[in-house]
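Each remark here refers to the structure printed beneath this line.
The values are calculated or read from the model by the stated rules, or taken from the named source; none is laboratory data. Predicted model, so just to flag it, every value in this text is computed and none were measured. Backbone-built Cβ (ideal geometry, glycine too); neighbour counts: all protein chains shown.
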Amino acid sequence: MKEIMIATGNKNKTREYREMLEPLGYSVHDLSEIEHVDPEETGTTFAENALIKARSVHDKVKMMTIADDSGLSIRALNGEPGIYSARYLEPHDYGYKNRALISRLQDKDDRYAWFTCAIALIDHKGVEHVFEGIMEGEIAMELRGDNGFGYDPIFLVPQFGKTSAELEPEVKNSVSHRGKATRALLEYLRNHPEEEE
Ligand code: IMP
């Protein structure tokens with residue numbers, strides 16, 4: 001059995017990776033099995049931060065490791081909240097964060113925004129890889145939809161004329177930053193079945 005560590009304490013993330021990786025013959029682990037590691041995310045890009053997390057966990061567990069980092073960037077706000085998406089306006093909830101972003105864009109014509117997801121993989125030889133996906137769209141004028149999480153209610157996906165919180169999960173996944181990055185990761189792993197521990 002090939003062993004792989006997901007550098008997350010989020011059970012939903014672990015479950016999603018498990019569903020994708022078990023069919024490829026991986027036994028999936030996560031941070032609940034090891035002593036707490038919480039490296040400072042000092043990178044300036046999603047890819048750097050994903051690599052920082054992956055390296056610190058890989059150093060400890062010495063098995064193939066995956067870590068991801070994602071967030072929303074808004075052009076008229078010089079890319080904010082960007083890599084600070086999870087920490088933006090802490091400790092308020094996303095209803096508050098989403099309304100705050102809409103009001104910061106009140107007098108702006110440019111509402112272009114994009115989600116990024118970077119997945120870092122450190123393979124069985126210790127070689128680093130990054131798989132990235134983006135989803136382009138616009139910031140809506142108001143919150144819409146109950147699906148998804150985080151900034152989904154304010155993110156308009158142009159080809160559907162809906163926010164990503166109004167999309168069914170499979171539809172969001174077919175066009176999302178995370179869906180694209182994940183498919184690139186899976187394609188790599190499928191093409192490198194020699195990635196044995
Ligand atoms: P991470 O778990 O450290 O990657 O943090 C990602 C943060 O970016 C989340 O807490 C959300 O605020 C935001 N984010 C990333 N992807 C999405 C998405 O698909 N929908 C909505 N918000 C997202």
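Couple of notes before you dig in:
- Of all residue pairs spaced 6 or more apart or on separate chains, those with beta-carbon atoms under 6 Å, a first member in region 6-17 that is at negative phi and in a loop (DSSP other than H, G, I, E, B) and a second member that is buried (at least 16 other Cβ atoms within 10 Å of the Cβ) and small (Gly, Ala, Ser) are Ala7/Ala54; Ala7/Ala67.
- Any pair with Cβ under 8 angstrom, 6 or more apart, that starts in region 131-152 at a residue that is β-branched (Val, Ile, Thr) and ends at one that is part of a strand (DSSP E or B) and more than 10 Å from the ligand (Cβ to nearest atom): Ile134/Trp114; Ile139/Ile74; Ile139/Ala113; Ile139/Leu156
- Flag if Asp146 is farther than 30 Å from Asp59 by Cα and in contact with a Ser or Thr (Cβ under 6 Å, 6 or more places away or on another chain): no
- Candidates are the residues of region 143-166 that are out of contact with any strand residue (DSSP E or B) (no Cβ under 7 Å at 6 or more places or on another chain) and aliphatic (A, V, I, L, M); the one that is surrounded by the fewest Cβ atoms within 10 Å (Cβ to Cβ) is Leu143.
- Cross-chain or 6+ apart pairs with Cβ under 9 Å, region 23-41 first and at pLDDT 90 or above and part of a loop (DSSP other than H, G, I, E, B), then loosely packed, with under 15 Cβ neighbours inside 10 Å and hydrophobic (A, V, I, L, M, F, W, C): Gly25/Met1
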